[in-house]
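Participant: Attaching a single structure in structure tokens format; questions to follow.
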């Protein structure tokens, strides 16, 4: 059974092997500021923990004779205060108290705030309204006023200050955690847990909480410093630690009156507060960068405006053979370098597109079809993408190695893209007319008014009813099919010679897909543009493409006229790929599933990448490079045993 | 064959009610007056485009949503009646397979924890018995038992979907509601999962409600098919009847729009297709604005679902006796794509 083999092939090797990605710990160590913060905090913590063991004078013992000694005085390392108490001793004890209060207040706020947030987010509806309006009321008071009011009601004292700070910070946690929980509560795995018979309590504790925990940790790590500062603030006002006990805030408060005569009494605790809060914040930022999935995914890495090119010098000089093809791609190679792994996403792809022709590029996810399309105009994100070889000749001119300005002049002008999901490619804040006009004005010296008129004409040409009125609409006001028509209009704005459509109908309903395919076909034949059509659907290919190229693991395995490839596929992969799709009108046909999974492109086997899954494979298939050979002058296949004799 | 599960006039509205100041809030009818039966041992296909209410219907069948009107019966007992069916009692008999395998598996749980949940909470199985049962389930979906200790992100889409199916099977249900189970998968993997579902059905005597937007997939798996449009059933019938002699113009449009490998010439409407505004649905047939056969009657009176033996249709002008495929230029579709 194919399934058993499929299971056997998977994912054991991938998981066993250490991936080339750096571990979390080494990532953290690389963040020098965070490591510095962690080191500093560690030193402070050690000092505080060792304080009871150190031979220090009693922090509360007064000695009026030796009052206001300067630092480095005999017996008093950091001098003494207005009552002659040893500042060094008081500083260490006070830091301990401040840290303890700050951490305790954070824990209290985190526990109560997160509980409220999780409950409100998970149950929603009335529970959410009640809890969050309560939180809103708490937030409506200025926080310091609220803290003062709480301390005034409970009486001054460190414990009451702690409560005040915790209560004031509960809304912060509640709102953060509620937002995250709200997103989780609608996820399918919560529904799945419900259908597995789990109770609400069990779902909250075992499904929701583990997913919210990183956010709680992030919030804690970024607020501890702030809480310590707030505690110090209350103590400074005399509402926190009561004499003779001291924390950093009350030391600062006592030294305030002597700022001119004995500045060290207030400066020393001030510096300590600064060091503690700074070290905690640096560490907290480091933890956040480590845990936040949005930052982990590389949102902070700014990709270059075009893909880095790193190809052998010999290829630069090679003269192009002039022919009349619109686009000729020769041995294109694009790689992704992540850690020590090299992913050969596009590995020696060659094809050409003739004027007025539509070439289909077919493959499953991960086959490299989209990366091929993006590489043509240097749109692959760098890092980690890199073009390491090959040439892309647009009407004889090599596009690889052009500078940003050169590429920009071509993008959207001679070559235009249509992407899969128009909701993510259209800007949500500009009307569609604006966006098309902008695309026109990027390449042509038109006034805004003229460009707008041209945009309306374009919208009309993609059969949007009432184009003049609709031009002022925003993308969210249009249906999916309409949005894709807008994308097509925008791509056609500057009469491109080549259109690249990357799964343009995959997100659309079948009746809308039929219309968009038809429209694309009509526009292509009317405007004379060539079309590179990327899809996974052979049905769509038969509908619009003259020729089709099939990709597998970064290479083209077969290319030829659509009818030939579909009626007599020569590569076993093409053959199996066509056979495993259910066909309308043939319900009885057994689906021939392809066993196993495509290989990972960072560990490609030698020889044919499909050999592992191929029923006809023999030793020669796994031995060496297999070339793309012609069955006839138009139909090429990368297989040593093509499925039909060369005609 | 007898009806195992039955829906009677099921309607599901979202929104509605009145705001604080008495202003009525907008209402969306996701599912409107849907009635059908699922027979023991069959596969009922539900097909429709986005926004037709098929996912809401699926959630109604498993109890994740409650109907605003009407009821769903399982062997005559109302599944949304807490006195008859607790959540767990229903989950033991009807299970659900989600569309997106990666989002339906908790990223922080191992496969063992995910698959054990139904055994613990639904079947109250002791630990010793669970171990053997887990091995059986993994074997049924053709996954190696070593994979139990892995986390979902270590699996490919096809394997993750097998785990989703395994979780549904773990509770030993009679009915599986499959909501687009293969549409997030690559075509070669899709075939693996479809074949697996076929084998499991025979192995465990299952009944399937198979929901999909892909006509070819639905046709290849279903005994009977229900076509939905804008929250209503527009046509229902045995698979071979529906695909060979479609009666509703919408079914005909769907069939002519689907591209088939190696065949050229899908039909497309000449006017851009748009669904009616769900907040302000038009009176009469929701498809009338797109329908070439629409008359004034269609725009005023909503056609009821009329049963005629095994088939049912909701249309004032059913295409009875009109051959399929229709000759070019005569029907809902404009000319074929020429190139």
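The values are calculated or read from the model by the stated rules, or taken from the named source; none is laboratory data. Just so it is clear, the structure is predicted and the values come from calculations on it, not from any experiment. Note: ideal-geometry Cβ built from the backbone for every residue, glycine included; neighbour counts use all protein chains shown.
Participant: Filter region A:395-441 for residues that are assigned to a strand (DSSP E or B) and touching a strand residue (DSSP E or B) at 6+ places or on another chain (Cβ under 6 Å); which is surrounded by the fewest Cβ atoms within 10 Å (Cβ to Cβ)?
Facilitator: A:398
Participant: Under 6 Å between Cβ atoms, which residue pairs at least 6 apart in sequence (or on different chains) link something in region B:280-293 that is within 10 Å of residue B:229 (Cβ to Cβ) with a partner that is at pLDDT 85 or above and crowded, with 16+ Cβ neighbours inside 10 Å?
Facilitator: Partner pairs satisfying both residue conditions: B:285/B:298; B:285/B:303; B:286/B:230; B:287/B:229; B:287/B:250.
Participant: Would you mind stating whether residue B:269 is crowded, with 16+ Cβ neighbours inside 10 Å, in contact (Cβ under 8 Å) with a residue 24 or more places away in the chain, within 14 Å of the chain's Cα centre (by Cα) and within 12 Å of chain A (Cβ to nearest Cβ)?
Facilitator: Details: crowded, with 16+ Cβ neighbours inside 10 Å: yes; in contact (Cβ under 8 Å) with a residue 24 or more places away in the chain: yes; within 14 Å of the chain's Cα centre (by Cα): no; within 12 Å of chain A (Cβ to nearest Cβ): yes.
Spelling it out, it is not the case that residue B:269 is crowded, with 16+ Cβ neighbours inside 10 Å, in contact (Cβ under 8 Å) with a residue 24 or more places away in the chain, within 14 Å of the chain's Cα centre (by Cα) and within 12 Å of chain A (Cβ to nearest Cβ).
Participant: With respect to the numbered conditions (1) touching a strand residue (DSSP E or B) at 6+ places or on another chain (Cβ under 8 Å); (2) farther than 19 Å from residue B:60 by Cα; (3) part of a loop (DSSP other than H, G, I, E, B); (4) more than 10 Å from every other protein chain (Cβ to nearest Cβ), which one is the sole condition not fulfilled by residue B:182?
Facilitator: (4)
Per-residue answers, yes or no, for (1) closer than 25 Å to residue A:438 by Cβ; (2) at pLDDT below 90; (3) more than 31 Å from the chain's Cα centre (by Cα):
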{"residue": "A:486", "(1), (2), (3)": "yes, no, no"}
{"residue": "A:496", "(1), (2), (3)": "yes, no, yes"}
{"residue": "A:501", "(1), (2), (3)": "yes, no, no"}
{"residue": "A:509", "(1), (2), (3)": "no, yes, no"}
{"residue": "A:517", "(1), (2), (3)": "no, no, yes"}
{"residue": "A:523", "(1), (2), (3)": "yes, yes, yes"}
{"residue": "A:526", "(1), (2), (3)": "yes, yes, yes"}
{"residue": "A:542", "(1), (2), (3)": "no, no, yes"}
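Participant: Let me ask another. Please tell me if residue B:199 is within 30 Å of residue B:109 (Cβ to Cβ), within 12 Å of another protein chain (Cβ to nearest Cβ), part of a helix (DSSP H, G or I) and in contact (Cβ under 8 Å) with a residue 12 or more places away in the chain.
Facilitator: The answer is no for residue B:199.
Participant: I've got another one for you. Would you mind stating whether residue A:594 is assigned to a loop (DSSP other than H, G, I, E, B) and within 37 Å of the chain's Cα centre (by Cα)? Talk me through it step by step, then tell me what you get.
Facilitator: On the way: assigned to a loop (DSSP other than H, G, I, E, B): yes; within 37 Å of the chain's Cα centre (by Cα): yes.
So residue A:594 passes the test.
Participant: In region A:524-546, what count of residues is obtained for those that are within 7 Å of chain B (Cβ to nearest Cβ) and in contact with a strand residue (DSSP E or B) (Cβ under 7 Å, 6 or more places away or on another chain)?
Facilitator: Number of matching residues: 2.
Participant: I'm told residue B:284 meets every condition in (1) more than 7 Å from chain A (Cβ to nearest Cβ); (2) surrounded by fewer than 19 Cβ atoms within 10 Å (Cβ to Cβ); (3) under 30 Å from residue B:17 (Cβ atoms) except one. Can you identify the failing condition by its number?
Facilitator: (2)
Participant: May I pose another question? Given the structure, is residue B:132 modelled with pLDDT under 95 and buried (at least 18 other Cβ atoms within 10 Å of the Cβ)?
Facilitator: Working: modelled with pLDDT under 95: yes; buried (at least 18 other Cβ atoms within 10 Å of the Cβ): no.
Judged against the criteria, residue B:132 is not a match.
Participant: Restrict the check to region A:275-294 and report whether at least one residue is at pLDDT below 85 and loosely packed, with under 13 Cβ neighbours inside 10 Å.
Facilitator: Yes - at least one qualifying residue is present in region A:275-294.
Participant: For residue B:22, indicate whether it is free of Cβ contacts under 8 Å to residues at least 24 places away in the same chain and in a loop (DSSP other than H, G, I, E, B).
Facilitator: Values: free of Cβ contacts under 8 Å to residues at least 24 places away in the same chain: yes; in a loop (DSSP other than H, G, I, E, B): yes.
So residue B:22 passes the test.
Participant: Going by the conditions given, is residue B:90 under 15 Å from residue A:195 (Cα atoms), part of a helix (DSSP H, G or I) and touching a strand residue (DSSP E or B) at 6+ places or on another chain (Cβ under 7 Å)?
Facilitator: Details: under 15 Å from residue A:195 (Cα atoms): yes; part of a helix (DSSP H, G or I): yes; touching a strand residue (DSSP E or B) at 6+ places or on another chain (Cβ under 7 Å): no.
Taking the combined requirement at face value, the residue does not satisfy it.
Participant: So, in region B:71-100, of the ones that are over 14 Å from residue B:5 (Cα atoms) and more than 9 Å from every other protein chain (Cβ to nearest Cβ), which residue ends up surrounded by the fewest Cβ atoms within 10 Å (Cβ to Cβ)?
Facilitator: Ranking the qualifying residues of region B:71-100, first place goes to B:83.
Participant: What do you reckon, is residue B:207 more than 9 Å from every other protein chain (Cβ to nearest Cβ), crowded, with 24+ Cβ neighbours inside 10 Å and either farther than 30 Å from residue B:107 by Cβ or touching a residue at least 40 places away in the same chain (Cβ under 8 Å) (or both)? Lay out the reasoning, then the answer.
Facilitator: On the way: more than 9 Å from every other protein chain (Cβ to nearest Cβ): yes; crowded, with 24+ Cβ neighbours inside 10 Å: no; either farther than 30 Å from residue B:107 by Cβ or touching a residue at least 40 places away in the same chain (Cβ under 8 Å) (or both): yes.
Answer is no for this residue.
Participant: Starting from residues that are within 12 Å of chain A (Cβ to nearest Cβ) and within 19 Å of residue B:43 (Cβ to Cβ), keep the ones in region B:228-240 and report whichever is surrounded by the fewest Cβ atoms within 10 Å (Cβ to Cβ). Walk me through it before giving the result.
Facilitator: Filtering region B:228-240 for residues within 12 Å of chain A (Cβ to nearest Cβ) gives B:229, B:238-240.
Filter once more, so that each one left must be within 19 Å of residue B:43 (Cβ to Cβ): B:238-240.
Working: B:238: 16, B:239: 19, B:240: 13.
Looking at the filtered set, the residue picked out is B:240.
Participant: Now a separate question. Given the criterion out of contact with any helix residue (DSSP H, G or I) (no Cβ under 6 Å at 6 or more places or on another chain) and within 14 Å of chain B (Cβ to nearest Cβ), identify the matching residue among A:564, A:495, A:521. Steps first, please.
Facilitator: On the way: A:495 fails: within 14 Å of chain B (Cβ to nearest Cβ); A:521 fails: out of contact with any helix residue (DSSP H, G or I) (no Cβ under 6 Å at 6 or more places or on another chain).
Matching residue, one of A:564, A:495, A:521: A:564.
Yes or no, residue by residue, for (1) crowded, with 24+ Cβ neighbours inside 10 Å; (2) within 24 Å of residue A:614 (Cβ to Cβ):
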{"residue": "A:523", "(1), (2)": "no, no"}
{"residue": "A:532", "(1), (2)": "yes, no"}
{"residue": "A:537", "(1), (2)": "no, yes"}
{"residue": "A:548", "(1), (2)": "yes, yes"}
{"residue": "A:553", "(1), (2)": "no, yes"}
{"residue": "A:559", "(1), (2)": "yes, yes"}
{"residue": "A:567", "(1), (2)": "no, yes"}
